[in-house]
Amino acid sequence: MDKLNLDQHISRQFNEDLEEIKTSMLEMGGLVEKQVGDAIRALEDADSALAERVIEVESQIDEMEVDIDETCITLIARRQPAATDLRLVIAVTKTIRDLERIGDEAQKIAKMAIKLSEEGNAPRGYMEVRHIGNCVRKMLDDSLDAFSRFDAEAAIATMHEDKEVDMDYKTALREMITYMMEDPRSISRSMNILWALRSLERVGDHAKNICEHIVYLVHGRDIRHTNPAKL
């Protein structure tokens, strides 16, 4: 595991400030993880009450993003961090942006759950939602764990999982479209499942982005446009 020298400052307060933004980011990540899990469960169970709670949590996630971002800006202004310290602050600001967008996708899934509870369950797609949902939730959990340990190798390993998620999504998309063509009566309800699957695929993309931020933090290398197979 890669270690970072974040504890070499004369100012103890500086160390505490750096630890604070990291801890706050991980707390936000934990809330977003729960939001995604609840959204998936609301969709599978047609639980509109749970879906409403997922939507309500989104405002809390937005507030956390703003608060952490402001703390990072203040830290840069007051401490003028350099090298690894600056990369940590930048990585946190980028990660909370991805976490907020994951929260947006969870909110979209919750809205689809409410529609399905009103229109009736879709005839197909729930198995795919469960499978892809489990995959992207694992990616998100692994990416946050890698960040907490500054583990670039684990982050790269997690990035590779996104390719499988993309393949599973494309397969599910083809199957759902074929089914809708065979039974046009199912189109409205099946589209809600398709939008939910799209949101889950986007969650995987954002988890991959978080892994890219970790590699930047640890190695100072921007790999956003690099083929993961070459890392």
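If you scale each eigenvalue of the Cα gyration tensor by 5 and take the root, what three semi-axes come out for segment 98-231, rounded to whole angstrom and sorted largest first?
Equivalent ellipsoid of segment 98-231: 32, 15, 10 Å, largest first.
Between residue 138 and residue 174, what is the label-point separation in nm under the 7 Å Cα-to-beta-carbon projection?
2.3
Mean projection of the alpha-carbon convex hull of segment 8-88 over all orientations, in nm²?
6.0
Work out how far the C-alpha atoms of segment 137-184 reach from end to end along every principal axis, then list the three figures in whole Å, largest first.
Answer, in whole Å and largest first: 50, 14, 7 Å.
Quick check on the chain: helices-only [θ] at 222 nm, where DSSP H runs of length 4 and up contribute -39,500 (n - 2.57) each and the sum goes over total residues. Nearest 500, please.
Calculated at 222 nm, the ellipticity per residue is -30000 deg cm²/dmol.
Averaged per residue, what accessible area in Å² does the chain show with a 1.4 Å probe, protein chains only?
50
Listed highest first by mean packing, meaning other Cβ atoms within 10 Å per residue, what order do 160-168, 198-206, 86-94 come in?
198-206, 86-94, 160-168
Average projected area of the Cα convex hull of segment 49-149, in nm²?
So the Cα hull casts an average projection of 7.6 nm².
Ignoring ligands, DNA and RNA, please state the percent of accessible area on the chain from carbon and sulfur, probe 1.4 Å.
That share works out to 48 percent.
Provide, as a two-decimal number, the C-alpha radius of gyration of segment 185-231 over 2.2 N^0.38 Å, N being how many residues it has.
Rounded to two decimals, the normalised Rg is 1.71.
Run the quick spin-label model on residue 227 and residue 60: label points 7 Å from Cα toward the beta carbon, then report their separation in nm to one decimal.
4.4
Which aspartates and glutamates have a Cα less than 15 Å from the Cα of residue 22, not counting those fewer than 8 places away in the same chain?
Residue 22 reaches 7, 65, 67, 69, 70, 85, 98, 145, 151.
Chymotrypsin sites (Phe, Trp or Tyr not before Pro), restricted to segment 112-184: which are DSSP loop and have at most 15 other Cβ atoms within 10 Å?
none
I'd like to verify something in the chain: which complete DSSP H helices, judged by Cα projection on the helix axis, reach 30 Å or more and average at least -0.5 on the Kyte-Doolittle scale?
Result, helices passing both filters: 48-79, 83-119, 126-148, 152-182, 187-219.
Give or take rounding to whole Å, what are the principal axis extents of the alpha carbon atoms in the chain, in descending order?
Result for the chain: principal-axis Cα extents of 68, 39, 21 Å.
The values are calculated or read from the model by the stated rules, or taken from the named source; none is laboratory data. The model shown is predicted, which means the values in this text are computed figures rather than measured ones. Here the Cβ is made from the backbone with ideal geometry for all residues, glycine too, and neighbour counts use every protein chain on show. For accessibility, only protein heavy atoms count, side chains too; no ligands or nucleic acids. Shrake-Rupley method; radii C 1.70, N 1.55, O 1.52, S 1.80 Å.
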